[in-house]
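See below for the structure under consideration.
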Protein chains: 2
Amino acid sequence: MDQDCRKTKDLTRTAPIERTPKRPRRSAEETRGEILDTAEELFRTYGFASVSIADIATDLSMSPANVFKHFRTKTSLVDAIAARAIEQKVHELAQLDSTPSPRERILALATHLMMDHLNGRKDAPFVFEMILVTIKEELDCGERFRHMIVDMLAQIIRDGAADGTYHVDDVDKFANAAFDALVCVIHPVMIGLEKPDILATRCNQVVGLIDAALRSPLAK
Amino acid sequence: MDQDCRKTKDLTRTAPIERTPKRPRRSAEETRGEILDTAEELFRTYGFASVSIADIATDLSMSPANVFKHFRTKTSLVDAIAARAIEQKVHELAQLDSTPSPRERILALATHLMMDHLNGRKDAPFVFEMILVTIKEELDCGERFRHMIVDMLAQIIRDGAADGTYHVDDVDKFANAAFDALVCVIHPVMIGLEKPDILATRCNQVVGLIDAALRSPLAK
């Protein structure tokens, strides 16, 4: 660990002047949420590698043992931060209008995910670091994200089949294939490499391809 | 530049004992090819950052001025190495059997590209370094690769339309969409993150999606 960097952190952040010396009693759920908020903010500001669980505890005026009760490792913190971000995202996506055609719904879903990453490019170092940790540690939050989006696509496909727009027997297979086809415009790494206007055109055309496949009576 | 690393290189590689002191006269084309062979080998062995044009010249018993006549920068060497690899790849792909159904041809093309990267995983550090340079320097070899594969997909789609299998007016639009949909199984970064059997299933299903879209009379 970089000791110089740690010293800078200690000077600027560790005097919780506006906090009471004794923390008020909180539920386990509240404490967990507070730990995640603080960990996310510190990781974002100083980088994953240079923040320890002890730093997080200090920032919260908590004992490290108390943080350990909730999260045994920094990796488990990353997993929980990612899971929370995914849940938040799924909640947002559930608000998308479900009245338009299935094609418009798929496009709205893909565009929303794409714009998220485009708007979040300034966060890119943080996001990439989190993704690298999840890959190296084989955390299942990437898989969980995939499942949630595949479930949403499956629902759109089922609705499209119910109103006669789509002709698909194996909804799950096509929902997975649709997700994979959209990777080029929703994966943060792919988005990091391309210009927004090109991505928007691609997104539209790949959604057109998916929609045409699902409308085809041969797609069973 | 890392001087220690350079010294190791000088000790192990710079005495061209099997070469005559005066190099035989070569055509500009031959010299260019020799420079690319040597640059690729040195980049692969020592990494892009720690090999200079002077190193490449020394290894070839050539004057740096002579190398400079062909390539002004290391970046232009990377562009030329990538372009050569792409041409080689396109030549290999042109040998693929063109008698099966268009779906089988798209699958063969995608599988070939996917397996290339899977087999080349041991080369991953070299390949990733080259990709990073092409992105940072905005070299056009990535675009060239895309164009060549899109052209191949367009040819398969046109053949499929000619025999009545496919119903597509805007071949170019669908060839581009098909390429984008396949990014999840042919992009080296995406392939680096997944297990081969999962990739094979995905490849098959995305090709099925593309094929269903192209067969649909609604796909115009």
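The values are calculated or read from the model by the stated rules, or taken from the named source; none is laboratory data. Keep in mind the model is a prediction, meaning the values are calculated, not measured. Reconstructed Cβ throughout: ideal geometry from the backbone, glycine too, with neighbour counts over all protein chains shown.
Looking for something under 19 Å from B:Ser101 (Cβ atoms) and either at pLDDT 90 or above or crowded, with 21+ Cβ neighbours inside 10 Å (or both) - is there at least one such residue anywhere in segment B:180-189?
Checking segment B:180-189: at least one residue is under 19 Å from B:Ser101 (Cβ atoms) and either at pLDDT 90 or above or crowded, with 21+ Cβ neighbours inside 10 Å (or both).
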Checklist entry - Looking at B:Gly164, is it more than 11 Å from chain A (Cβ to nearest Cβ) and closer than 23 Å to A:His167 by Cβ? => result yes
Item to check | Flag if B:Leu139 is at pLDDT below 85, farther than 15 Å from B:His112 by Cα, crowded, with 18+ Cβ neighbours inside 10 Å and within 14 Å of chain A (Cβ to nearest Cβ) | outcome: yes
Checklist entry - Looking at (1) touching a Cys at 6+ places or on another chain (Cβ under 8 Å); (2) not in a helix (DSSP H, G or I), which is the one condition that is false for B:Ala82? => result (2)
Checklist entry - For segment B:185-202, which residues satisfy the criterion of being facing chain A (nearest Cβ under 9 Å), within 19 Å of B:Arg105 (Cβ to Cβ) and of a type outside the set (D, E, K, R)? => result B:Val185
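Among the listed residues A:Arg121, A:Arg84, A:Arg105, identify the single one that is of a type in the set (Lys, Arg) and modelled with pLDDT of 90 or more.
Working: A:Arg121 fails: modelled with pLDDT of 90 or more; A:Arg84 fails: modelled with pLDDT of 90 or more.
Exactly one of A:Arg121, A:Arg84, A:Arg105 is of a type in the set (Lys, Arg) and modelled with pLDDT of 90 or more, namely A:Arg105.
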Checklist outcome for this item: When segment A:167-176 is checked residue by residue, the ones that are at the interface with chain B (Cβ under 10 Å from one of its Cβ atoms) and free of Cβ contacts under 8 Å to residues at least 24 places away in the same chain are A:Lys173
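Scan segment A:59-69 and tell me whether some residue there is without any contact (Cβ under 8 Å) to a residue 24 or more places away in the chain and under 20 Å from A:Met148 (Cα atoms).
No, segment A:59-69 has no match at all.
To keep it simple, each residue is scored yes or no on (1) closer than 24 Å to B:Ile186 by Cα; (2) part of a helix (DSSP H, G or I).
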{"residue": "A:Ile131", "(1), (2)": "yes, yes"}
{"residue": "A:Leu139", "(1), (2)": "yes, no"}
{"residue": "A:Phe145", "(1), (2)": "yes, yes"}
{"residue": "A:Ile149", "(1), (2)": "yes, yes"}
{"residue": "A:Ile156", "(1), (2)": "no, yes"}
{"residue": "A:Gly164", "(1), (2)": "no, no"}
{"residue": "A:Val168", "(1), (2)": "no, no"}
{"residue": "A:Phe174", "(1), (2)": "yes, yes"}
{"residue": "A:Ala177", "(1), (2)": "yes, yes"}
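So if I check each of B:Phe71, B:Phe48, which one is at pLDDT below 90 and either closer than 24 Å to B:Gly142 by Cβ or in the same structural domain as B:Val127 (by TED's automatic domain parsing) (or both)? Write out each step before concluding.
Values: B:Phe71 fails: at pLDDT below 90.
Within the list B:Phe71, B:Phe48, the selection yields B:Phe48.
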